[in-house]
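Take a look at the structure below.
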Amino acid sequence: MNSIRSRRWRWLSWLLPNTLTTVGVLAMVLGTSPGVDAQFDGILLAIVIAVAAALAIEFLVCLWIAPSRRGRRAYLSSSKGMVDLACALALPLGWLLAPDVHDARLFALVWTLRYISHSTGLTLIWRVMIRSRVALLSIAGLFLVVTLTGATLAHVFERETQPQMFGSVGRALWWAIVTLTTTGYGDVVPTTIWGRLLAGWVMVGGIVMFALQAGIIATAFAEELQRRHFLRTWELVISVPFFRDLGAAAVADIVRLLQARDVNAGTVVVREGEPGDAMYFIVSGEATVRVAPKPVVLGPGSFFGEMALLFNTPRSATVVATQPSVLLVLDIADFHQLAGRRPEFVNLIETEGRLRRDQNVTAG
């Protein structure tokens with residue numbers, strides 16, 4: 001229950017600041033449209049001022065609730081504190097520095113920095129760039145070499161026929177960059193045979209380099225996401241008493257196969273008579289097994305759905321989440337894979353499964 005509430009709070013703490021920022025920036029953008037009605041422009045300006053006031057109040061509150069003077073200094077020196085300060089001062093500085101009062105609202109562009117400070121996705125991008133910086137710098141160096149080489153050769157091949165465009169290496173750099181990125185504006189085009197052959201070589205080189213760059217970033221993203229999934233699942237797994245005595249190596253194998261799933265109260269997780277395709281471990285919350293003569297309530301640390309996997313039978317009962325719960329799901333294919341690598345884990349589940357089956361037969 002506490003984990004569900006904390007996730008909802010984190011989601012709200014992400015949504016509200018970003019919504020406030022988006023409303024203010026959108027009002028600034030709409031206010032620059034030509035021919036805006038005076039009354040509508042006044043409403044947009046009022047929205048910008050209201051958002052600016054809210055950001056200033058938020059900054060002052062964060063500064064006030066800091067536990068000590070050292071805490072205030074730590075907040076002001078952090079990236080979030082510096083972004084909050086810049087956002088609080090953006091509009092007042094605009095009124096002081098902008099010659100036109102309408103241009104002052106353009107300083108609201110500073111508010112977009114909040115997307116960085118409140119976004120875990122941008123933090124993820126930053127970590128990916130740091131992890132793959134060596135490879136990306138190598139590609140950037142190659143891009144620079146190919147650009148300068150292409151511009152120099154284009155200057156040699158085209159300077160006589162197009163001196164205005166290719167009269168110097170500096171002028172040819174525009175063509176080299178546009179061609180290497182395969183943008184192809186068409187404002188500068190080689191006319192000699194050697195210039196056109198060079199253009200083809202530069203375009204192919206650009207495709208290869210950007211493909212390499214995309215592959216490097218995609219691989220780094222996949223590794224970072226896998227690492228985050230592993231750490232989150234590890235924390236959930238070790239909170240389940242059933243896994244605590246298995247040892248770190250066994251837990252590491254299990255973590256790679258489990259998937260975390262949040263379910264709301266009233267969700268039917270398992271339905272009687274359906275084929276069994278997974279088993280479930282309860283990290284937090286509560287689930288009820290609807291069996292006769294009396295339903296069985298399962299709490300954190302319990303598991304269910306194992307008998308259908310062990311004995312290859314349909315689901316013997318319906319299981320409903322009676323509280324918001326966090327479950328760990330083990331797919332049937334991963335279950336059999338784990339049985340080959342960690343038989344001691346499956347033996348524990350099988351022992352419990354046979355005990356439950358005998359109890360159900362006795363009760364029946």
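Remarks
- Over all pairs of different C-alpha atoms, region 110-235 has a mean inverse distance whose reciprocal, the Kirkwood radius, equals 17.0 Å.
- Rounded to the nearest 20 debye, the dipole magnitude of region 215-345 is 140 debye, with +1 charges on Lys and Arg beta carbons, -1 on Asp and Glu beta carbons, and the Cα centre as origin.
- Computed from backbone phi, the HN-Hα couplings of region 187-194 come to 6, 10, 10, x, 10, 7, 5, 5 Hz, rounded to whole numbers (Karplus: 6.51 cos²θ - 1.76 cosθ + 1.60, θ = phi - 60°; Gly and Pro given as x).
- Three-way shape call for the chain based on the alpha-carbon gyration tensor, with the a/c threshold at 1.5: oblate
- Kirkwood Rh and Cα Rg combined as Rg over Rh, evaluated for region 159-201: 0.92
- Inter-probe distance in nm under a simple model that places probes 7 Å from Cα toward Cβ, at Ala222 and Ile177: 3.3 nm
- Efficiency of FRET between Arg70 and Ala140 - r from beta-carbon atoms, R0 51 angstrom, step 0.05: 0.80
- Of the peptides 217-224, 313-320, the order by per-residue mean of other Cβ atoms within 10 Å, starting with the highest, comes out as 313-320, 217-224.
- Compared with the dominant Cα axis of the chain, that is its longest principal axis, helix 169-180 is turned about 30°.
- Coordinate range along principal axes, alpha carbons of region 232-320, Å, largest first: 39, 27, 20
- Inter-label distance, Ala98 to Gln39: 2.4 nm, where each label sits 7 Å from its Cα along the C-beta direction.
- Once the Cα atoms are used to define both axes, helix 79-97 deviates from the longest principal axis of the chain by about 40 degrees.
- The chain - percent relative contact order, Cα under 8 Å, separation 6 or more: 12 percent
- Pairs of Cα atoms in region 184-229 fall into 10 Å distance bins, from 0 up to the last occupied one, in shares of 23, 29, 20, 16, 10, 1 percent.
- Hz values of 3J(HN,Hα) by residue in region 161-168 - Karplus curve (6.51, -1.76, 1.60), Gly and Pro given as x: 7, 9, x, 5, 8, 10, x, 8
- Farthest toward positive dipole pole in the chain [+1 Lys/Arg, -1 Asp/Glu at C-beta], among Trp174, Pro67, Thr32: Pro67
- Magnitude of the charge dipole, the chain, Cβ model with Lys/Arg +1 and Asp/Glu -1, debye to 20: 920 debye
- Accessible carbon and sulfur surface of region 225-279 relative to its total accessible area, %, 1.4 Å: 50 percent
The values are calculated or read from the model by the stated rules, or taken from the named source; none is laboratory data. This one's a predicted model, so the numbers in the text were calculated from it and none came from an experiment. For neighbour counting, all protein chains shown are included, and Cβ atoms are generated from backbone atoms with ideal geometry for every residue, glycine included. Heads up: the accessible areas ignore ligands, DNA and RNA and are worked out on the full protein's heavy atoms, side chains in. Shrake-Rupley method; radii C 1.70, N 1.55, O 1.52, S 1.80 Å.
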